[in-house]
1. Net charge near residue 226, counting Lys/Arg +1 and Asp/Glu -1 over other residues with Cβ under 13 Å of its Cβ?
2. Rounded, prolate or oblate, given the Cα gyration tensor of the stretch 140-202, with a/c below 1.5 counting as rounded?
3. For the stretch 106-230, what does the alpha-carbon gyration tensor say about shape, rounded, prolate or oblate, given a ≥ b ≥ c as the root eigenvalues, a/c under 1.5 as rounded, and a/b over b/c as prolate?
4. Could you tell me the relative contact order of the stretch 109-166? Use alpha-carbon pairs under 8 Å, at least six residues apart, and round to a whole percent.
5. Can you tell which of 174, 128, 208 shows the greatest fluctuation in a Gaussian network model of the chain with Cα springs below 10 Å?
6. Who wins for biggest fluctuation among 80, 201, 52 in a Gaussian network model of the chain, springs between alpha carbons below 10 Å?
7. Once the piece of chain linking residue 193 and residue 228 is laid out straight, how much longer is it, given 0.36 nm per residue of separation minus the C-alpha distance between them?
8. Between residue 165 and residue 37, what length in nm is gained on full extension when 0.36 nm per residue of separation is reduced by their alpha carbon distance?
Amino acid sequence: MPGVGEKVDVLDHGFVRLDAAEATDLSVVNGARVSFLQFKDEMADRDHKLIRFLMREKHASPFEHNLFRFHVKCPIAVGREWMRHRWSSFNEHSLRYSEAIDTFYVPAPEQIRTQTGKPGAYTFVPMEGETADQVRGMIEAQYRQAWDSYRSMLELGVAREVARLVLPVGLYTEFYWTVNARALMNFIALRNAEAAMWEIRCYGEAVESFFATLMPSTHEAFVECGRVAP
């Protein structure tokens, strides 16, 4: 299981790296027990039961006395869904202040999919092999064209903040994300779920692996309570 300083590779060029953390099950316990002026320096059996109680009864604030700081590389399309989780902090690679890197996400053939159904209840089905290959070729061609246009504009002296307008959402970006365990559980509940976009679910799985490693009792209670954040 991954820990601080380790990286989980995601998709074709992405990753999730845990840059730093101050996150333990004990932080939850002491956050709750301070109500009775109690302090623990190590976990006991009754503390694991306390965490399950807090999770089950949705006593949420004790789960906020900790932090995870992640370094993430993902397609812009994934990042835009990620940054809807506003109860956390983000700093992202700026295409105003520095040039883009020519790294783009090309879905694997089995991830070229079609959708059926109504909004909010779509079913996604992989497309046939020849069609998938054709679509992958179209995606790669658009990337090359967009990148060539971007570089040409920069060579003409166009400002980076203008030239970036031609870049697609399949371009990879990088950001730092700082989040506490309660907000992290909300992210996992929504983004590592069957209804989530497949690409962000891959990132949700990576994030959850760090959470389960650093806060195993909290993660176990989260799972037992239906993977719903308190």
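Computed from the coordinates by the stated procedures, all read-outs in this text should not be read as laboratory data. Every value quoted in this text rests on a predicted model; they were computed, and no experiment measured them. Virtual Cβ from ideal backbone geometry, glycine too; neighbours counted across all protein chains shown.
1. Numbers: positive: 52, 56, 58, 227; negative: 220, 224.
Value of the local net charge: +2.
2. Numbers: a/c = 5.13, a/b = 2.19, b/c = 2.34.
Oblate shape, in that a/c is at least 1.5 and b/c is the bigger or equal ratio.
3. Numbers: a/c = 2.97, a/b = 1.53, b/c = 1.94.
Oblate.
4. On the way: 38 pairs, mean separation 14.2, N = 58.
Relative contact order, the stretch 109-166: 25 percent.
5. Per the Cα network of the chain with a 10 Å cutoff, 128 tops the list.
6. Of 80, 201, 52, the most mobile in the Gaussian network model is 80.
7. Working: separation 35, 0.36 × 35 = 12.60 nm, distance 1.09 nm.
The residue 193-residue 228 span can extend by a further 11.5 nm.
8. Working: separation 128, 0.36 × 128 = 46.08 nm, distance 5.56 nm.
The residue 165-residue 37 span can extend by a further 40.5 nm.
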